[in-house]
1. Can you sort A:Leu184, B:Leu218 by how many other beta carbons sit within 10 Å, fewest first?
2. Kirkwood Rh, Cα Rg: Rg to Rh for region A:1-142?
3. Shielding of A:4-15 by partners, i.e. mean partner chain Cβ atoms within 10 Å per residue?
4. Can you list the trypsin sites (Lys or Arg not before Pro) in region B:254-289 that are in a DSSP coil and have 14 or fewer other beta carbons within 10 angstrom?
5. Please report, in Å, the Rg and the Dmax of region B:43-125, where both are computed over Cα atoms only.
6. Would you please give the FRET efficiency between A:Lys348 and A:Tyr33, computed as 1/(1 + (r/R0)^6) with r the Cβ-Cβ distance and R0 = 30 Å, to the nearest 0.05?
7. List B:Cys278, A:Cys433 from most exposed to least, where exposure is judged by having the fewest other Cβ atoms within 10 Å.
8. Where in region A:343-403 are there chymotrypsin sites (Phe, Trp or Tyr not before Pro) that are in a DSSP coil and have at most 11 other Cβ atoms within 10 angstrom of their Cβ?
Amino acid sequence: MGNGLLDILLEYINIVFLTFTAIMFALFALMAYLSSRNSIHYRNKSGVGDISRIMASPLAPGITIIAPAYNEGPTIVENVRSLLSLRYVNYEVMVVNDGSRDDTLQKLIESYDLEKIEHQADPHWPCKPIRSIYKSRQRSFSKLTVIDKENGGKSDALNTGIRLSENKYVGCIDVDCLLMPDALLHVVRTFYQRSSKRVIAVGGVIRVANSCEIDGGTLEKICLPKSWLARFQLLEYTRSFLLGRMAWGRIDSLLIISGAFGFFDREIALRVGGYDTQTVGEDLEIVFRMRRYMHEQKIPYTVEYIPDPLCWTEVPEDLEVLVNQRDRWSRGNLETLYRHRDMFFNPKFGRLGMLSYPYWLFYEWLAPILEFLGFFSILLFWYLGILNGEFFVAITVVVYSFALMFSIYALLWDVWSYNQYTRTRDILILLFCALIEPFTFHPLVVWSAVRGNFKKLFNIDTGWGTQVRKGFAKA
Amino acid sequence: MNIRPLTYRLFSWLQTPRIQTELLWELVLLFAGLGGVYLLLIFWMRNRISARREAIRLHKRDLAPMISNFLFYQHESEAEDRDTYIRMKIEIREMLKVPLNREVMTEVLMDLRMDVSGDARERLFQLFQDLELHQDSFRKLDSWRWERVSKGILELTEMQVETAYPFIRKFINDRRSVIRKQAQLATVMLREEGIAYCLDTAHFGISEWQQLKLLEILRLREDYSPPRFRVWLTSENRDVVLFALRLIRYYRQNDAETALITLLGHRNRKIKGAALECIREFRFVSALEPIKELFSGANEELKLLILDTIGLIGSERELGFLEQLALHDANFIIRSKARAVMNLLKPDSVLPQVAHQESGENNEPAHAIRQEAPSHPDLELPFEEPVAQEPVATERFVLWEPAFPEDEIYPAADSVFDPVKGTAPAHRMADQGHEPEWEEDEAIFDICFLEELEDILSGLDPADEPEGILPLDFLPIIIDPSPGEAAAAASPEELEVVAEQVAPEPARRVSGPDRRQDLKEDFLPWIVSEPSGSDLGFDKTPPAPPAAYPGSPPDGPAHFWEPIFELDELPQPADASDGEPCFAEASRIREEALQHFSIFRELFRHYDVESKLILLEQIEAVGEKKEWAFLHEVLEDPEPEIARKASQVIEELGRRLGLENAGLDHSKEPTPGEQSEGENPVFQLHFAPESNQDQTRPEKKASRAIRTIRRPWLPWARNRKKQTHG
């Protein structure tokens, strides 16, 4: 009887695994469908007309691009030059030097002929003290403002920029990001295209720039990264941005705007108090708060997503840096989800509470933990001799084949949408990455997530960690 | 053993459903199969994309020279050329029997339309219809797929098929948004009355982006006289009202005062804001009270706008209201702005005492930034000023005024003078206690003005330009006087008294735009010809668009505009005729600079003979008087063909510009002094990027024309170059 009950229990565990897997498959299939529809719709829509005509319109709104810089000395001058060469008239580049210990500020001063100006700031705005504000003496750099402040972290730097900006929209980007010349035009179009809803935030695709050739702040040649770690991330980004976010954007349930390329309605961002400096997942958290605010105010709104490849960034090629990054992301997830836990299956928040939040909780946060525990359960069951080998092998292969199919599907849409990796060899390499990813890269990601959660639960504070910038390859 | 039914049920419930492992393997097969299909699709799609791209490239390579020949074919060509032309025409018609070729041809023509101008452009549009490609576009209108309909509308619009207007118009309220938007753009683009039709009939919302695009079309329309947009202020469509307000502001139609003031009470925040901007623009003093009433319910952005407006149209009577804000408003920015506006309305009403002390001790600008920080631990500073220890009455006024020097504040105060009449509004003139202050202001003005002038005279060195470093917010705004207010409030006696007190220099100085404000908003100074008291009625002449944008023509490369932008920074010559010495000098310099400035000059230097000849043709087509000097220089070109062509161009240009006697006589070269104000190149240059008048936009046309040569893929240009080099 005892064995019988155990068997039944084990069978039920299998059923739970199967059900979880089936739900995930269903969700992913739905996601693929939604993203495909959205991609087709977007492509048809954006194929009509020429947006560059608008870049000098007197009605074109002002945008401030805020780029926090911390120890970015090796790349700062080139990166700022790239930001200054965007095709839009009414914009400002605000570099916030967040108490860098290297020569970031000095390089900016020398390269852009900066001088201190006097400016006022709201003393009650919670951010670290501003040391000085600089503007260039040269007209050609008149769009540039450099704020030198004491170190307070990325969120604090962004908040300073949001506060000091006077434009209607603010763009929060990583200073090492490379924006395409038309990026702001796309952003403005996205902010301005709705007449029935207020667009409070706009995010976009982040593309991997490792090994690409960049010259004078311009992307000269798109190349597949040479590093395998970067290649895996490229595949992962393709899946995430082209299928995941595209699908969430389709049903207006996008909950994250990437910190590397996010634009906000400044008024709403200020209303909610800007970025939260107490979390490392500030990009997720601010979208939660802005959405919550709009829900509470009962103002029709939306968060938009641009699938065009407008922002290129360098992803970590170093294992430790990657693990730290993913560790931070999972801590950020947990912090944000916990802070907004009242949204969980709360119909008051509509799709946000009933769909987006549970997805983030069960997939983005819980799935890596379950995977991790599942791995040890398998070992334990095998050790105890109670592992249902047939079922285990079958479901593992099913999951693997689905993951592989999904990755290939993402590559298919990448080719259809951009077709940027023109060499057949590049596609074959990415396919190979898709084949081996579940055994190589994915366990790393799972491990990082578990580590992040562990640190968060046991209050082991490690902050942001470090990321060493290599700088883009020159053309 | 008998099993009791209940036990049996419990036991059976504990039986787990059997998992069909076979099903899982079938799923594996399904996913693997799908993966395989996707894989094949990837390579098939890549091949297809590449093949199509290559096919289009080849087609374009074949078609482009033919099109160029069509466009630039001269009917008086030799027989051989005519023969070639006819054969080509037959050939092209044969080619167009293939659907892909028709598509490619349409694409080529659509691309080419951005690279040609003038006659060539007209011929291009004609060619599109001659080849019956517009029939394809018409057919697209009947498609059930919205993207095809939209594309059809786009083609018909861009290729100026005016007969399509009634067909496209019906889509203006289509439920499919992309089609609807495209139809709205087409309606406005194809006919001048399109905007009226669009605003009259639009049921759906017009997004801000759509408004931008519609305005852009209107801006680029040549010889356009806009309708009275106030008609649409009563529309039930909120977006139509909003757009009408923006158009009113853009075209400076100041005939809707009452409607604008009424709209301040609109529920929609954007409409309120747009109405307020119009009121500020047109300085409607009667709106002052409604504006103040609006303040309490406004958001920060609107509040700042309200304060700005009060600064422009208000008087010292508003000081009480502003002081309340400066003291009690919860928002730091509003408090600061209120203080700045108080200083505008009454100089020295907010004194920068502490800041002066600070700047005396230490010039670090961080002081100004950190002053109000004592309560926040993050903002505490080692050198914290004892602001909190100051008496409250002082403290409230000592916050952060020294960011700008005093001499930048005073002009703002004086700006309430009417520069034309030399008068000031009653509220200021009645205050006799201000007389010494006026004198002091004048002295400061003199210094300020001379400094400004020195900057101007120091040339166009961008490094000397102060715009890039000035603080852009909360600076005292140099107000343009409200002539209506001045005329209504000032008595003739007062006018006389003040006229004696006020030197013309400061009055003129303040009549100009606030350069810093302009920089912030649109980076170019506006040329605002302030209406005199008698001009308060609606201006019936086509309005000059208010702003120009450097380096950013919608279809022109930025570098062509750069010099124009710099020239625009020179002082405006509008008042130079009245003998004002400093401005006359500045105008002279400006005019001299412009006189020698020809967009063709630099290009000419680098081109081969063939290209130079083409350039000369373009000058003939779009040139202006300022090309005169340059053409005469070209007359001395060692290449006889060029000299001959230059001579022809001079004659033709002279005829076109009404300089019949100009001929080749250098002495007939028009001097700036000979030019009327309307023909003044300064004006032409400044308004060029924005004006609807084609004649006033030579640079743009030239840049388009020149781009035709610069585009490397254009075979006719390339071929000619090759021939020359060969």
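What follows draws every value from the coordinates through simple rules; no lab data is involved. Note that the structure is predicted; figures quoted are calculated from it, not measured. When we count neighbours, we look across all protein chains shown, and the Cβ atoms used for this are built from the backbone with ideal geometry, even at glycine.
1. Details: A:Leu184 25, B:Leu218 20.
So the residues, fewest neighbours to most, are B:Leu218, A:Leu184.
2. Details: Rg = 27.2 Å, Rh = 21.0 Å.
Computed over Cα atoms, the ratio is 1.30.
3. Details: counts 3, 1, 0, 2, 4, 2, 1, 6, 3, 1, 2, 3.
If you average over the peptide's residues, the count of other-chain Cβ atoms is 2.
4. Values: sites: B:Arg267, B:Arg269, B:Lys270, B:Lys272, B:Arg280, B:Arg283; in loops: B:Arg267, B:Arg283.
Answer in residue order: B:Arg267.
5. Expressed in Å, the Cα Rg and Dmax of region B:43-125 come to 14.9, 53.
6. Working: r = 28 Å, r/R0 = 0.94.
For A:Lys348 and A:Tyr33, the calculated efficiency is 0.60.
7. Working: B:Cys278 27, A:Cys433 21.
Ordered from fewest to most neighbouring Cβ atoms within 10 Å, B:Cys278, A:Cys433 come out as A:Cys433, B:Cys278.
8. Details: sites: A:Phe344, A:Phe345, A:Phe349, A:Tyr359, A:Trp360, A:Phe362, A:Tyr363, A:Trp365, A:Phe372, A:Phe375, A:Phe376, A:Phe381, A:Trp382, A:Tyr383, A:Phe391, A:Phe392, A:Tyr400, A:Phe402; in loops: A:Phe344, A:Phe345.
Here the chymotrypsin sites (Phe, Trp or Tyr not before Pro) that fit, given the DSSP loop and packing criteria, are A:Phe345.
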